[in-house]
Amino acid sequence: YTFSNILENSISGGTRGGGNNNNGVQQMNSSSDNKILTALKKEQEKNKRLEERIATLLQQRGASQKGVEDVSSSTSSVSFQQQLLQSYNKQYDQNHILDNSNTQQKEDLCSILPKPTPTTLSLWSHHMPNILNAAKHWSDREKFQYHDFTALLLHIVTPDRLQRSVKTLPLDWTPVERGLNVIQRRLHYLQEEMDRYRQKHKLSPQDEIPIEAMKAINNDPKAPRRLNLLIMGGSVTMGVVCHINPVTEKGPNRRDGAWPARLDHFLQNLFHGMDLINLQTMALGGTNTESAITMWDYSLLAGDIPYPDVLINAYATNDMHWNSMQDAIARNQTLEQSLYKLSQEFIRQVMTPKKSCRHAPPMLLYFDDYLGNEQNEILTTLASSQTINLMSSYYGLGSISYADAVRDIVYGDTKEWWLSSQWYKGEEYVRAVHPHMGTHMVMAWVVAFNLFNLVTTYCSLPEIGAQSATDTMRRLHAGIERGSKGEWNYGYEPINGLPHLQETKKFGGGPREKPRGIPPPLTRELSLEHISDEWRKDSVENAPLWKNIPECLAEGHFDDAIDHDSLPKPCLFSWVVYMERFLDKPKGLNNKLKPYLVSNDGWSADADNNKLGWVPTSGLGSKFTLEFKKVAQPVQMMTWMIMRSYGEKWDGSKLKVEAWSGEKLLASEEIVGFHDKKTSETYNIKMKLIDPVSASPGIPPGSDLKVTFELVGGTTFKISGMAICDH
């Protein structure tokens, strides 16, 4: 006896659950009854078809479990994801009918899931053969030599452990809604093209499309855009030593074997090669959240990296690095204070729109991958986790913890090295921060599980209709404005089964609508007494930044689920090694500097120790000059990303930098390139430009700018990035 039966009986009796008019009963005319009953019958037929599909799926799963030893790509043709895609096609056909009739709102991507929506925990638990098959690395398709290692990791990292990795969920689900709309547009287009291909080549719906043909479909320039997911991190995200494993002497290289690349492969494998997500990585060894602040502030995204719909901060390990500890000490701060300050600055920067209506803040997720052992005291190793949890809770962000998913396993045997770094060489306890292949495999699953959990949680929310006639169904969530002014009736609507208010008495004391934007900075001085006033004041002062979707559409802005404007470029000239397609080799860096290099006496690009940078080759006195004629924008700040290192080679390293506009010296500084730490790390050095005559900041458009560099100490130096910008 289903919910639909109960609802039908209720309507047939002439009442609506909970609501009433002045007579206590809402009467409906026969025409309305007929329309509703017809809709209910269609819903019952839809439920019946869904039950039949579930029964078929269960039979298929039972058969697959009998032969679980052979989980090959051939079995995936009748897999759960194929069922979902077929369900989506049926739903899209129904949406076309609804479009033509204009009688109902279109369903959203959630319609491909059973109702009520299953949890990600349930889906993951009951489709392990598909998970195992999707986890197969692209370089291991033929032999699947890591079959047993993968199966063992899935056995150890049980679904309930993955559930433990879900730490906080977003407060505002609008970015999830927007992201699902992006995927829906692309999914439909790709499915149509796949159907055409199968018809043309006389293939059945279960037949796999050849890899090259699938690539052509994915790369079709007419296809709607992919969901843009950007991962920012340090050397762990790069995949340093991720090739080490217990199966073979050498696994995939760092770029292909790191967890972001594995996540990308996993998602494509899970959806039969359909390229729905444009996953990009900005990772550089020795960088942390402080570096990320500079890169985001100056829009230092490579030309082929679009504005992200989803942004993952994966700097947890580097934020806890010994170098970060020393930096905090140099600023007279504890590590905890430094983490707190940098995390809040990064969050506020990302969550503030760069451009009204055209750059809505991405869905920001924090990823905690740190277990140790930069610190040996357990309580100290938890500093990053505590900071992430605090900031995510205050600002309403999603956060993920690989560490919490496996922490008890690692603590139970700190000599294991499948799920953590290898902290022992024989019986000797050593410093090690880079985990091996097993960790990268599991981290990819952890992030995938959390992304799926965002989808299933959003799809479990109640439907409330669309914002406009062209939009798909929306879901009720805390990010949707209610229009409450702190007085009766607080923006109440009789939706989601709630009744009409009887209004026998009006009462005060309820909450006003939450101010737009992000809450005030979380400081020791922020008080309960003043937080509301501060938040509302900031919301009013920056109102143009916080326009909602209907307001932006009313101004003629197109839906950013279709496309984004290009990012504002505050920098006259900028680059960071490894962050652009051709900035991974000396030739690419030489070409980047060549247009502005007016003199050069002994500097060139070099990648010694696999660390690319711009270095002096003629020792002490090596010089070069960059010149920018008639600049097209104001310039007020120069930032250099430089590497500091140790040892005899780096002893006394010092670089003198001067900035000139005509005969005016705007800035001069000597930058040290060595330190006593037994490691190499990246630092951000900022130089503010000041006109010595007027004392005004920087230079206006139309001015000339010349920057000179000279090695005045030691024998070497390394520049790994530059940004010459308007602020």
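Of the numbered criteria (1) modelled with pLDDT of 95 or more; (2) within 32 Å of the chain's Cα centre (by Cα); (3) among the aliphatic types (A, V, I, L, M), the one M643 fails is (1). Restricted to segment 591-651, the set of strands (runs of 3 or more DSSP E) holding at least 1 residues that are more than 30 Å from P701 (Cβ to Cβ) and open to solvent by less than 40 Å² (accessible area, probe 1.4 Å) comprises 603-606, 613-616, 637-644.
For segment 338-358, indicate whether the set of residues that are farther than 30 Å from R516 by Cβ and in contact with a Ser or Thr (Cβ under 6 Å, 6 or more places away or on another chain) is non-empty. Steps first, please.
Kept after step one, since they are farther than 30 Å from R516 by Cβ, are these residues of segment 338-358: 338.
Next cut, in contact with a Ser or Thr (Cβ under 6 Å, 6 or more places away or on another chain) only: none.
The answer is no; no qualifying residue exists.
Here R262 clears all of (1) charged (D, E, K, R); (2) touching a Ser or Thr at 6+ places or on another chain (Cβ under 9 Å); (3) closer than 26 Å to L583 by Cα except the condition numbered (2).
Against the condition open to solvent by less than 20 Å² (accessible area, probe 1.4 Å) and in contact with a strand residue (DSSP E or B) (Cβ under 7 Å, 6 or more places away or on another chain), how does A383 come out, does it pass? Spelling it out, it is not the case that A383 is open to solvent by less than 20 Å² (accessible area, probe 1.4 Å) and in contact with a strand residue (DSSP E or B) (Cβ under 7 Å, 6 or more places away or on another chain). Close Cβ contacts (under 7 Å, 6 or more residues apart or on different chains) running from residues in segment 134-157 that are polar (S, T, N, Q) to residues that are in a loop (DSSP other than H, G, I, E, B) comprise S139/P252; Q145/V247; Q145/T248; T150/A135. Sub-7 Å Cβ pairs linking a first residue in segment 519-534 that is outside any loop (DSSP other than H, G, I, E, B) to a second residue that is among the hydroxyl-bearing types (S, T, Y) and modelled with pLDDT of 95 or more, at least 6 apart or interchain, number zero.
Show me the strands (runs of 3 or more DSSP E) entirely contained within segment 653-717 in which 2 or more residues are touching a residue at least 40 places away in the same chain (Cβ under 8 Å) and in contact with a Phe, Trp or Tyr (Cβ under 7 Å, 6 or more places away or on another chain). Step through it out loud before you land on a result.
Numbers: elements: 654-661, 664-672, 681-688, 705-713.
Fully inside segment 653-717 and qualifying: 654-661, 705-713.
Could you check how many residues of segment 409-463 are assigned to a strand (DSSP E or B) and surrounded by fewer than 16 Cβ atoms within 10 Å (Cβ to Cβ)? Please lay out each step first, then the result.
Step one: filter segment 409-463 for residues assigned to a strand (DSSP E or B), giving 424-425, 428-429, 463.
If we keep only those that are surrounded by fewer than 16 Cβ atoms within 10 Å (Cβ to Cβ) too, we end up with 424-425, 428-429.
Adding up the residues that qualify gives 4.
The values are calculated or read from the model by the stated rules, or taken from the named source; none is laboratory data. Predicted model, so just to flag it, every value in this text is computed and none were measured. No Cβ is skipped: glycine too gets one built from the backbone with ideal geometry, and neighbour counts run over all protein chains shown. Protein only, heavy atoms only, side chains kept; ligands, DNA and RNA dropped before computing areas. Shrake-Rupley method; radii C 1.70, N 1.55, O 1.52, S 1.80 Å.
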